[in-house]
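> Sharing a structure below in structure tokens format, with a few things to ask.
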């Protein structure tokens with residue numbers, strides 16, 4: 001029945017079971033594990049989705065995790081593995097009995113096995129491949145030959161396709177007669193005699209069209225074909241931009257080789273966002289809450305080391321004005337304010353720029369206009385905060401000249417912050433360096449150096 | 001034909017037409033607009049997706065935009081409106097002739113019209129509602145009564161459903177006999193006699209099952225029902241976590257009222273990420289590259305004002321030690337390094353914490369373990385950088401005591417950074433304040449104040 005049901009709005013209610021995994025459930029599960037109560041454990045885990053079980057395994061500590069997996073034993077579902085964080089996943093694979101692991105992997109779709117294998121070390125990889133049938137192993141080894149993070153790794157190889165000249169009736173009859181149709185598919189891909197995809201027909205459209213209609217007359221308006229070597233980030237962008245549900249993947253001869261569905265693209269999009277946020281903050285992108293303190297230190301250390309170098313650079317600027325500071329200690333009190341405001345304004349500009357570059361909203365066509373806007377914003381905010389700080393400086397230290405010095409330094413640094421914040425990401429993008437990874441360091445170096453130099457330099461010139 | 005085609009990997013190639021919208025296309029379009037060449041313009045725009053046209057309209061300047069829209073005139077597609085940024089969208093609606101706007105909106109699905117209307121001012125809203133048929137207007141006004149950013153706003157009201165006792169054959173016959181089936185749907189929702197959804201059947205599964213099979217025997221394993229008042233962020237989380245393609249929406253009596261599909265959820269997920277990144281950087285969340293300088297200033301100003309207040313707070317700490325600085329100016333040179341390292345380490349911790357809270361990886365079950373880990377990381381990095389800085393201080397200023405002072409201050413501040421970075425987001429989340437919005441300011445305040453106080457205080461105690 002197609003129907004638009006009558007609806008009436010209701011007040012928003014506190015919704016407690018939006019997530020299946022409550023702390024209470026976890027506590028009950030851990031209790032069952034401690035008591036060695038296998039049946040209770042299995043009963044508690046049964047209603048949980050593999051993604052929730054994976055989250056739980058990530059949240060509990062290593063000893064509980066090992067005990068739980070040993071007790072859960074052959075109930076362990078392969079899908080849990082695909083949902084686990086990399087580090088925990090390796091640990092879990094080591095704990096699982098070989099026969100349980102083999103059984104778990106055999107249940108998985110081939111694209112999930114590929115996803116699982118690409119992060120594993122050679123030894124674990126071989127033990128999983130060994131558990132598969134020859135045919136599955138061959139298919140997976142072929143997929144693994146595509147570049148990391150390419151469409152070829154992301155696609156499913158099972159495709160439902162039809163010759164372009166077929167009618168709705170022919171397609172339906174064929175599909176209903178076919179034994180091994182995939183469970184989850186949403187479109188029929190139309191191909192020409194050379195296997196080149198020429199369109200796609202949504203299943204819903206197929207269902208609602210009369211039998212004699214030609215498939216080529218009811219194709220989706222929006223049709224995107226993805227080369228097998230396209231980076232997965234670009235695949236995710238296309239799904240997001242064009243609201244795709246599935247898209248055919250082709251080889252270098254434009255022959256259909258697979259299909260990518262939106263759930264895979266959504267996963268990639270999520271990972272890309274995670275990477276952007278963590279890179280902007282100078283955190284290694286492979287970080288996970290279940291990493292040890294040493295692993296975490298190793299990921300974050302390099303960026304702090306770079307920051308130390310740039311901080312020392314800024315200090316060298318201050319050192320040039322030690323004589324001035326010795327005479328007027330107010331300079332030492334006020335100089336961090338100038339640097340801090342510049343650093344924060346620069347971070348605002350650079351975050352907007354990095355994000356706009358990632359979503360391809362910032363391009364050659366509007367770069368100059370955005371740069372002019374950022375400069376204007378920097379100038380407006382610079383003047384506003386310069387007035388405030390000029391007055392603060394005047395009242396606090398009773399010197400009009402000091403007020404004027406901080407006024408001028410603030411304007412200079414806010415303008416520098418705006419230009420560095422927008423310009424550095426654009427230049428890094430041109431140089432094909434990820435702006436999310438490197439911009440922050442450069443921008444704060446600029447604002448520290450310019451801030452200290454402008455403030456202390458002007459003060460030395462005017463006040464001494 | 002279901003088939004696993006033979007595939008062979010190929011080397012990664014430079015892929016220039018991953019995006020339909022090249023700077024060359026935009027230049028050609030603007031040339032046509034300037035020449036008033038309507039037919040050329042329409043021909044150039046014809047192959048572009050509405051999302052790409054929207055991107056282009058955002059990238060060109062206001063005068064070109066107005067000229068283009070006037071020349072393009074009645075070719076203007078309603079879908080372009082749904083793809084536009086809010087600010088530009090209002091501008092475009094003002095430029096469009098009333099009859100073109102009416103026609104554009106009439107073509108849209110009702111959920112797209114709702115999405116369009118919720119951001120508009122009353123006057124524009126009324127002019128769009130006036131263009132609709134009574135039936136459509138009523139449906140849209142009902143949807144607008146649901147809370148902002150709730151599942152009710154996100155859902156489509158056209159649902160394909162079937163009684164739970166039907167067979168595959170009955171469902172197919174019914175669907176093929178129904179005239180107004182939606183073009184895009186992926187599941188049939190099973191309902192009980194009280195209209196409560198009890199399962200869903202994928203169209204592909206329906207196609208591949210024999211006619212006598214009962215629908216209730218081939219339902220998807222993963223079935224999630226979404227209350228109509230659930231916030232859209234939680235809806236997006238569920239789609240991402242459970243790899244949903246579509247999910248039924250129910251009212252407070254558990255009656256089916258609509259369906260949400262993954263493309264809507266993906267859009268929300270993307271917006272949530274954008275918000276998180278911009279909030280972490282202290283940028284107003286409604287920001288867009290096409291905002292004017294004044295609008296941008298208004299968005300960013302408040303956060304910089306808060307930062308000014310906290311910077312002054314940090315300066316007050318420095319002011320307590322003016323006497324020490326007057327005697328030993330090396331303190332003024334070195335103190336920003338201690339503060340800067342703390343600020344950056346704190347930002348690393350807080351970004352990981354904010355992200356983990358957003359993805360619900362950080363929960364009551366593992367909070368203490370993560371806090372302990374962050375403290376350990378802070379201590380390890382503190383000691384490492386303290387050794388480096390102690391040596392730098394010693395060599396630069398030739399004072400062993402100064403070396404020890406900076407060594408101790410660095411450890412103290414890195415530990416404070418780690419604890420503030422993890423603790424403040426957790427506390428804010430408990431208080432139901434968005435940690436992405438407010439954590440940064442608090443954390444850098446802590447690291448500035450602790451950094452200056454530890455360093456200058458120890459120096460005063462030991463060196464004077």
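The values are calculated or read from the model by the stated rules, or taken from the named source; none is laboratory data. Everything numeric here is computed off the predicted structure, so don't read it as measured data. Neighbour counts are summed over all protein chains in view; Cβ atoms, including those assigned to glycine, are modelled from backbone coordinates with ideal geometry.
> Among A:326, A:358, which is the only one that is surrounded by fewer than 24 Cβ atoms within 10 Å (Cβ to Cβ) and within 24 Å of residue A:391 (Cα to Cα)?
One residue alone meets the criteria, A:326.
> Now for a different question. Return the residues of region A:199-237 that are more than 31 Å from the chain's Cα centre (by Cα) and either surrounded by fewer than 16 Cβ atoms within 10 Å (Cβ to Cβ) or in contact (Cβ under 8 Å) with a residue 40 or more places away in the chain (or both); say none if nothing qualifies.
A:209, A:210, A:211, A:212, A:213, A:214, A:215, A:216, A:217, A:218
> Evaluate the following for residue B:418: is it in the same structural domain as residue B:302 (by TED's automatic domain parsing), in a helix (DSSP H, G or I), crowded, with 21+ Cβ neighbours inside 10 Å and under 28 Å from the mean Cα position of the chain (by Cα)? Walk me through how you get there before you give the answer.
Details: in the same structural domain as residue B:302 (by TED's automatic domain parsing): yes; in a helix (DSSP H, G or I): yes; crowded, with 21+ Cβ neighbours inside 10 Å: yes; under 28 Å from the mean Cα position of the chain (by Cα): yes.
Against the criterion (in the same structural domain as residue B:302 (by TED's automatic domain parsing), in a helix (DSSP H, G or I), crowded, with 21+ Cβ neighbours inside 10 Å and under 28 Å from the mean Cα position of the chain (by Cα)), residue B:418 qualifies.
> Does region B:337-347 include one or more residues that are in contact with a helix residue (DSSP H, G or I) (Cβ under 9 Å, 6 or more places away or on another chain) and under 30 Å from residue B:234 (Cα atoms)?
yes
> For residue B:111, indicate whether it is in contact with a strand residue (DSSP E or B) (Cβ under 8 Å, 6 or more places away or on another chain), at pLDDT below 90 and under 30 Å from residue B:299 (Cα atoms).
On the way: in contact with a strand residue (DSSP E or B) (Cβ under 8 Å, 6 or more places away or on another chain): yes; at pLDDT below 90: yes; under 30 Å from residue B:299 (Cα atoms): yes.
Judged against the criteria, residue B:111 is a match.
> Evaluate the following for residue A:164: is it out of contact with any helix residue (DSSP H, G or I) (no Cβ under 7 Å at 6 or more places or on another chain) and either surrounded by fewer than 16 Cβ atoms within 10 Å (Cβ to Cβ) or more than 7 Å from every other protein chain (Cβ to nearest Cβ) (or both)?
Here the answer is no, as residue A:164 does not meet what is asked.
> Pairs, please: C-beta under 6 Å, at least 6 apart or cross-chain, first residue free of Cβ contacts under 8 Å to residues at least 24 places away in the same chain and in region B:438-464, second part of a helix (DSSP H, G or I) and crowded, with 24+ Cβ neighbours inside 10 Å?
Final answer for the pair search is B:442/B:424.
> May I ask you to verify whether residue A:14 is at pLDDT below 95, out of contact with any strand residue (DSSP E or B) (no Cβ under 7 Å at 6 or more places or on another chain) and not assigned by TED's automatic domain parsing to the domain that holds residue A:128?
So residue A:14 fits the description; yes.
> All but one of (1) crowded, with 22+ Cβ neighbours inside 10 Å; (2) under 13 Å from residue A:350 (Cα atoms) hold for residue A:429; which doesn't?
Status for residue A:429: all satisfied but (1).
> Of all the residues that make up region B:345-383, how many are in a helix (DSSP H, G or I), free of Cβ contacts under 8 Å to residues at least 60 places away in the same chain, over 23 Å from the mean Cα position of the chain (by Cα) and at the interface with chain A (Cβ under 7 Å from one of its Cβ atoms)?
7
> Filter region B:256-279 for residues that are more than 7 Å from chain A (Cβ to nearest Cβ), more than 8 Å from the chain's Cα centre (by Cα) and either surrounded by 21 or more Cβ atoms within 10 Å (Cβ to Cβ) or at pLDDT 90 or above (or both) and give the result.
B:258, B:259, B:260, B:261, B:264, B:265, B:279
> Among the listed residues B:277, B:328, which satisfies the condition of being in the same structural domain as residue B:425 (by TED's automatic domain parsing) and in contact with a helix residue (DSSP H, G or I) (Cβ under 7 Å, 6 or more places away or on another chain)?
B:328
> Residues of region B:400-422 being over 18 Å from residue B:382 (Cα atoms) and free of Cβ contacts under 8 Å to residues at least 60 places away in the same chain, which ones?
The answer is B:400, and nothing else.
> Return the only residue of B:63, B:131, B:51 being in contact (Cβ under 8 Å) with a residue 12 or more places away in the chain and within 14 Å of chain A (Cβ to nearest Cβ).
B:51
> In region B:288-299, which residues are surrounded by fewer than 22 Cβ atoms within 10 Å (Cβ to Cβ) and within 7 Å of chain A (Cβ to nearest Cβ)?
The answer is B:293, B:297.
> State which residue is nearest to the other protein chains (Cβ to nearest Cβ) when the search covers only region A:183-196 and only residues that are crowded, with 16+ Cβ neighbours inside 10 Å and modelled with pLDDT of 90 or more.
A:195
> How many residues, within region A:19-58, are exposed (fewer than 14 other Cβ atoms within 10 Å of the Cβ), part of a helix (DSSP H, G or I) and either in contact with a strand residue (DSSP E or B) (Cβ under 8 Å, 6 or more places away or on another chain) or modelled with pLDDT under 90 (or both)?
2
> Is there a residue in region A:146-153 that is crowded, with 22+ Cβ neighbours inside 10 Å, part of a helix (DSSP H, G or I) and either over 28 Å from the mean Cα position of the chain (by Cα) or not assigned by TED's automatic domain parsing to the domain that holds residue A:261 (or both)?
yes
> So, one more: Let me confirm something: among A:251, A:180, which residue is surrounded by fewer than 22 Cβ atoms within 10 Å (Cβ to Cβ), modelled with pLDDT of 90 or more and at the interface with chain B (Cβ under 7 Å from one of its Cβ atoms)?
Testing whether each residue is surrounded by fewer than 22 Cβ atoms within 10 Å (Cβ to Cβ), modelled with pLDDT of 90 or more and at the interface with chain B (Cβ under 7 Å from one of its Cβ atoms) leaves just A:251.
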